[in-house]
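Trainee: Encoded as structure tokens, here's the structure I'll be asking about.
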Amino acid sequence: MAVEYPFVITVASEKGGVGKTTIATNLAVYLKALDEDLPVTIASFDNHFSVDSMFAIGSCCGESVAGLFDGIPAAQLASLGEYGVQFLASDSDLAPPGDDPAWLTGALGRSGLPGILIFDTRPILDYFTRSALLAADLVLVPVKDRPSLVNTASLARTLREADQGLDKMWLLPSLIDGRLRLSDNLGVREFLVFAAKERGYQVLDQFIAKSPKVESLVTNLSNRVYPVLTHARETLVHKQLHELSRFVLDRFRATKLPRNQRQAGFADAPARRVRRLVRVCPVCGEAMNGTEGQFFQDIRSRRRGFMHRDCLLELLENTGFADELPDQGVLVLSTSTTGMDGDDAAMLMHLCDAEGGGSAVISVPDFFDTPFAECWRQVSGKLPEELYREFLLVGLDAGPPGRFLSGSGNSSWITLRRKVLRSVLARIG
């Protein structure tokens with residue numbers, strides 16, 4: 001079954017009151033209206049519950065966005081809402097899963113969520129806003145005045161520090177009152193466009209006008225938030241949101257590989273790591289692209305690659321490890337061949353936990369006559385009788401294994417690898 005990956009749109013601003021939530025929620029409705037077959041999902045990291053107020057059907061709000069940071073796939077959390085838009089219920093008590101803002105990108109790589117996913121963020125550059133920025137294929141930044149424009153610099157800095165360019169970030173003039181004029185009869189929108197481009201930012205041709213009618217859709221006696229499409233079609237904002245949605249659809253359709261899929265695979269990995277990459281599963285021989293399976297590394301040859309988890313379980317079928325293989329940690333295969341004839345050939349399997357500590361060891365004598373021999377030959381490029389004091393590490397994490405080839409994922413793997421090898425070497429002497 002093909003894995004689904006969402007195209008992620010993040011609506012972000014460090015300044016409140018710029019129309020961020022209005023843009024995010026209405027964009028979801030317009031995208032669904034323009035393409036009824038396109039799955040559209042929205043989630044908010046803010047605690048004002050506007051997403052729930054617009055999309056919840058009745059009193060049922062479904063699963064919370066907090067589950068996303070508990071490792072639950074987004075496809076299992078999303079609930080069908082009004083206007084055909086899926087949503088994740090808001091949560092006022094979100095907790096980061098760690099200190100790596102790139103974690104969300106990896107989680108979306110195994111989310112199973114198709115179509116477009118829109119994130120409405122907090123008016124502060126915290127862990128959740130940074131995570132949404134790094135995971136995004138398209139970042140929309142509403143700006144309505146000089147302070148909101150100035151605050152855009154911190155968003156841009158976040159992307160640059162993560163080695164992501166600004167080509168995915170677009171500024172959107174928002175809540176523009178066409179009646180207001182600055183000095184020299186300059187309009188607010190014209191000033192924002194000029195000042196943004198002077199700073200090197202991309203600015204959309206579209207803008208969102210200030211409209212009392214649209215503002216009234218958020219505050220009413222029914223505790224509901226209504227979309228512009230159904231309750232303010234006579235306003236200029238209706239046309240503007242339609243144009244903005246067309247721009248987003250064009251970007252979505254032109255993107256062949258969403259960022260979370262590239263992170264899940266190895267398209268962003270440095271050339272030096274891809275050079276020694278084994279691109280097939282060493283057990284079944286099928287091509288692997290790093291979006292599924294288990295990451296492995298042969299220490300001596302420095303070859304890396306991926307194997308299907310089912311193939312790994314098949315390999316371990318008669319060892320006793322297959323039934324107790326955890327979703328975290330590292331499986332280490334070590335050889336102790338002492339002769340060319342293989343008379344003393346033996347292999348040990350060490351099951352290490354997520355902290356690198358050892359928890360179980362199994363001996364596989366005469367492993368030349370087992371499927372491990374061919375697997376190791378595919379991994380290392382050596383004949384089994386050539387293996388002496390070799391170590392093959394197989395990561396057991398359930399996340400996309402390709403993330404271990406670049407960025408923070410590779411750093412985490414290096415740290416874990418060192419701990420595991422120290423533990424194994426201390427045990428075998």
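The values are calculated or read from the model by the stated rules, or taken from the named source; none is laboratory data. Keep in mind it's a predicted model, so treat the numbers as computed, not measured. All Cβ positions, glycine included, derive from the backbone under ideal geometry; neighbour counts span all protein chains shown. Just so you know, the surface numbers come from the protein's heavy atoms only, side chains and all, with ligands and any DNA or RNA stripped out. Shrake-Rupley method; radii C 1.70, N 1.55, O 1.52, S 1.80 Å.
Trainee: Does the stretch 328-342 contain at least one residue that is among the aliphatic types (A, V, I, L, M), closer than 24 Å to LEU277 by Cβ, surrounded by fewer than 19 Cβ atoms within 10 Å (Cβ to Cβ) and modelled with pLDDT under 80?
Mentor: No, the conditions are met nowhere in the stretch 328-342.
Trainee: Could you figure out which of (1) without any contact (Cβ under 8 Å) to a residue 40 or more places away in the chain; (2) closer than 14 Å to VAL11 by Cβ isn't true of GLY98?
Mentor: (2)
Trainee: Condition check: closer than 17 Å to ILE124 by Cβ and either modelled with pLDDT under 95 or acidic (Asp, Glu) (or both). Does SER64 satisfy that?
Mentor: no
Trainee: Sticking with this one: Suppose the filter is buried (at least 21 other Cβ atoms within 10 Å of the Cβ) and farther than 30 Å from THR105 by Cβ; does LEU383 pass it?
Mentor: Taking the combined requirement at face value, the residue does not satisfy it.
Trainee: Of all residues in the stretch 206-231, count the ones that are without any contact (Cβ under 8 Å) to a residue 40 or more places away in the chain and within 18 Å of LYS20 (Cα to Cα).
Mentor: 10
Trainee: Okay, moving on. Assigned to a helix (DSSP H, G or I) and touching a residue at least 24 places away in the same chain (Cβ under 8 Å): does that describe LEU88?
Mentor: Taking the combined requirement at face value, the residue does not satisfy it.
Trainee: Would you check which residues across the stretch 252-289 are open to solvent by less than 70 Å² (accessible area, probe 1.4 Å) and modelled with pLDDT of 80 or more and list them?
Mentor: PHE252, THR255, PRO258, LEU277, VAL278, VAL280, CYS281, PRO282, VAL283, CYS284, GLY285, MET288
Trainee: Contact list please: Cβ distance under 9 Å, first residue in the stretch 140-164 and more than 23 Å from PHE252 (Cα to Cα), second residue surrounded by fewer than 17 Cβ atoms within 10 Å (Cβ to Cβ) and not hydrophobic (A, V, I, L, M, F, W, C), pairs at least six apart or on different chains.
Mentor: LYS144/GLY17; SER148/GLY17; LEU149/ARG199; THR152/ARG199; ALA153/ARG199
Trainee: Filter the stretch 203-221 for residues that are open to solvent by 60 Å² or more (accessible area, probe 1.4 Å) and within 32 Å of the chain's Cα centre (by Cα) and give the result.
Mentor: Of everything in the stretch 203-221, those that are open to solvent by 60 Å² or more (accessible area, probe 1.4 Å) and within 32 Å of the chain's Cα centre (by Cα) turn out to be ASP205, VAL218.
Trainee: Something else about it: Provide a single number: the residues in the stretch 87-102 that are closer than 21 Å to LEU140 by Cβ and surrounded by fewer than 24 Cβ atoms within 10 Å (Cβ to Cβ).
Mentor: Residues meeting the conditions: 3.
Trainee: Here's another thing I want to ask about it. Can you report the number of residues in the stretch 67-85 which are more than 23 Å from ARG224 (Cα to Cα) and part of a helix (DSSP H, G or I)?
Mentor: 7
Trainee: Please go through the stretch 40-70 and pick out each residue that is open to solvent by 20 Å² or more (accessible area, probe 1.4 Å), of a type in the set (Ser, Thr, Tyr) and either farther than 15 Å from THR25 by Cβ or within 17 Å of the chain's Cα centre (by Cα) (or both).
Mentor: Residues satisfying the conditions are SER59, SER64.
Trainee: Inspect all residues belonging to the stretch 43-63 and state whether any of them is more than 18 Å from VAL225 (Cα to Cα) and touching a helix residue (DSSP H, G or I) at 6+ places or on another chain (Cβ under 8 Å).
Mentor: yes
Trainee: Here is a further query. Only one of ARG157, ARG181, ARG110 is farther than 25 Å from GLU4 by Cβ, modelled with pLDDT under 95 and among the charged types (D, E, K, R); which?
Mentor: ARG181
Trainee: I'd like the residue in the stretch 222-248 that is farther than 18 Å from LYS210 by Cα and at pLDDT below 95 and, out of all such residues, is most open to solvent (accessible area, probe 1.4 Å).
Mentor: Across the stretch 222-248, the extreme among qualifying residues is ASN223.
Trainee: Right, next: Can you tell me which residue in the stretch 345-366 is farthest from GLU324 (Cα to Cα), limited to those that are at pLDDT below 80 and touching a Leu at 6+ places or on another chain (Cβ under 9 Å)?
Mentor: Selected residue: ALA345.
Trainee: Related question: Scanning the stretch 222-259 for residues that are among the β-branched types (Val, Ile, Thr) and either within 18 Å of SER53 (Cα to Cα) or not in a helix (DSSP H, G or I) (or both), which turns out nearest to the chain's Cα centre (by Cα)?
Mentor: It comes out as THR255.
Trainee: Look at LEU387 and say whether it is in contact with a Lys or Arg (Cβ under 6 Å, 6 or more places away or on another chain) and at pLDDT below 90.
Mentor: Answer is no for this residue.
Trainee: Can you tell me how many residues within the stretch 376-415 are closer than 26 Å to SER336 by Cβ, in a loop (DSSP other than H, G, I, E, B) and touching a residue at least 12 places away in the same chain (Cβ under 8 Å)?
Mentor: Counting residues in the stretch 376-415 that are closer than 26 Å to SER336 by Cβ, in a loop (DSSP other than H, G, I, E, B) and touching a residue at least 12 places away in the same chain (Cβ under 8 Å) gives 7.
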